[in-house]
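Encoded as structure tokens, the structure appears first; notes follow it.
The values are calculated or read from the model by the stated rules, or taken from the named source; none is laboratory data. Remember, it's a predicted structure, so these values are computed and weren't measured experimentally. A quick note on method: Cβ atoms are made from the backbone with ideal geometry, for glycine too, and the neighbour counts reach across all protein chains shown. Accessible surface areas use protein heavy atoms only, side chains included; no ligands, DNA or RNA. Shrake-Rupley method; radii C 1.70, N 1.55, O 1.52, S 1.80 Å.
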There are 2 protein chains.
Amino acid sequence: MGVHGFERHDHARCVGSALDTAERFCAENKLKLTPARRRVLEILLSEHKAMGAYDILAILAAEGVGSQPPVVYRALDFLVGHGFVHKIERLNSYIACAHPGATHSPAFMICRACHHVVETPAQVSSGLDGAAADIGFAIEARVVEAEGLCPNCQSPDAVAR
Amino acid sequence: MGVHGFERHDHARCVGSALDTAERFCAENKLKLTPARRRVLEILLSEHKAMGAYDILAILAAEGVGSQPPVVYRALDFLVGHGFVHKIERLNSYIACAHPGATHSPAFMICRACHHVVETPAQVSSGLDGAAADIGFAIEARVVEAEGLCPNCQSPDAVAR
DNA sequence: AACTGAAATGTTATTCTGTATCAAGTCTTG
DNA sequence: CAAGACTTGATACAGAATAACATTTCAGTT
Ligand SMILES: [Zn+2]
Ligand SMILES: [Zn+2]
Ligand SMILES: [Zn+2]
Ligand SMILES: [Zn+2]
């Protein structure tokens, strides 16, 4: 059992299904989900939280998959490039996409107390698109993140969960 | 003459007026705009672009104001904390606020070709606020950034401006 | 099957970004 | 003036990301 959004869910199924989706997508698009890439995605899916590149690297190193920074950064570049993983700029960290498959411009809620990160299902950037259109700016990538307190951490006694 | 938004403007007046606003705000709120803080703000206003902390530090060091990282990071913490400067998370860099005074949740357009960064005047995050309200998340800070091509850099011959 | 070019890995080193820590100074306020 | 809060100085370190180059793997072609 892990935590998704701010509620519990069946995590093993969640991980397996996301991996399957990635496998299928790569097969269909002639992309190579190599061992290192697959393992990094699996780690991010399992941990189900935002992780620093070096946190991931420590796990890879312990498993003998690779122990130098480029190993994990290359895998992350691939996974981010194809939408399997998102970078949380505010935290300099990475998280598996919570809605794989659907093309989307994700937005994130980052709890500063429990450090959970939720990817919102909905498209959220309409105002930004409008502002860009007004000045003729052509958007290629978006960063939309909110930091604050999740529902669980707003009650005064919820600090140590 | 500098560049503001993606058009030209009277930059000297722009800098002076922003500094005045900051001075006034600090006086009214019993904040200390110390020499290092003032100089960092002035540098960011003058350059009128997003700068890395170490770029700023190099200028400070050349002037003898201070030469160690904490000098610039402390100044930036103060300036960001009070809204005089914004951090561009996507670039790990900092830019003077283009609309000082007004409380706002800024959004930025980052041109990947000419590296100009524009702060949009308008509030842009309504969708994010709605999504947060839906799940009971209490937003304290927002990061809204778009990367792409500014109007000047969209024509094929505009690469080297 | 051998050739070839593109993509992916392995490896070393380095650069860039940001903090922790502790000592010393300064300013405010009672 | 004394206490406390804030600011600065300085050293060291931690964390994040990339440069560069050699080597290997692999799909497609001859
Ligand atoms: Zn996603
Ligand atoms: Zn929380
Ligand atoms: Zn601003
Ligand atoms: Zn441009």
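Structure notes:
- Given charges at beta-carbon only (K, R positive; D, E negative), |dipole| of segment A:2-159 in Debye: 420 debye
- For B:Pro121, inter-copy label distances in nm, listed shortest first [label point 7 Å out on the Cα-Cβ vector]: 3.8
- By DSSP, the beta bridges lying fully in the protein assembly as shown are antiparallel in about 80 percent of cases.
- Kyte-Doolittle mean at least -0.5 and Cα axial length at least 24 Å: DSSP H helices in chain A: A:11-28
- Excluding ligands, DNA and RNA and using a 1.4 Å probe, chains B and A jointly bury around 2800 Å² of accessible surface, summed across both partners.
- In units of the compact-protein estimate 2.2 N^0.38 Å, the protein assembly as shown shows a Cα radius of gyration of 1.09.
- Nm distances between copies for A:Glu23, ranked from closest, using label points 7 Å along Cα→Cβ: 6.8
- Radius 13 Å from Cβ of A:Ala18, net charge of other residues (Lys, Arg +1; Asp, Glu -1): -3
- Average accessible surface area per residue within chain B, 1.4 Å rolling probe, Å²: 51 Å²
- Chain B: mean projected area of Cα convex hull, nm²: 11.0 nm²
- Residue among B:Ala50, B:Ala113, B:Ala131 with the largest mean-square fluctuation in a Gaussian network model of chain B, springs linking Cα atoms under 10 Å: B:Ala131
- When a 1.4 Å probe is rolled over the protein heavy atoms, the share of accessible surface on segment B:52-161 that falls to carbon and sulfur comes to 53 percent.
- For the protein assembly as shown, the mean residue ellipticity at 222 nm estimated from helices alone is -13000 deg cm²/dmol, where every DSSP H run of n ≥ 4 contributes -39500 (n - 2.57) and the total is divided by all residues, rounded to the nearest 500.
- Most simply put, segment B:24-161 has about 65% antiparallel DSSP beta bridges, counting only bridges with both residues inside it.
- Taken residue by residue and averaged, Cβ atoms of other chains lying within 10 Å of the Cβ of A:19-28 number 0.
- Charging the Cβ of each Asp and Glu at -1 and of each Lys and Arg at +1, and nothing else, the dipole of the protein assembly as shown about its Cα centre rounds to 540 debye.
- Candidate aspartates and glutamates for bridging to A:Lys30, where Cα separation is under 19 Å - those fewer than 8 sequence places away on the same chain excluded: A:Asp20, A:Asp77
- 10 Å beta-carbon shell around B:Arg38, net charge (K/R +1, D/E -1): +1
- Partner chain coverage, peptide B:103-112 - average Cβ within 10 angstrom: 3
- Axis between A and B by rotation; chain A residue with nearest Cβ and distance in whole Å recorded as A:Glu89, 2.
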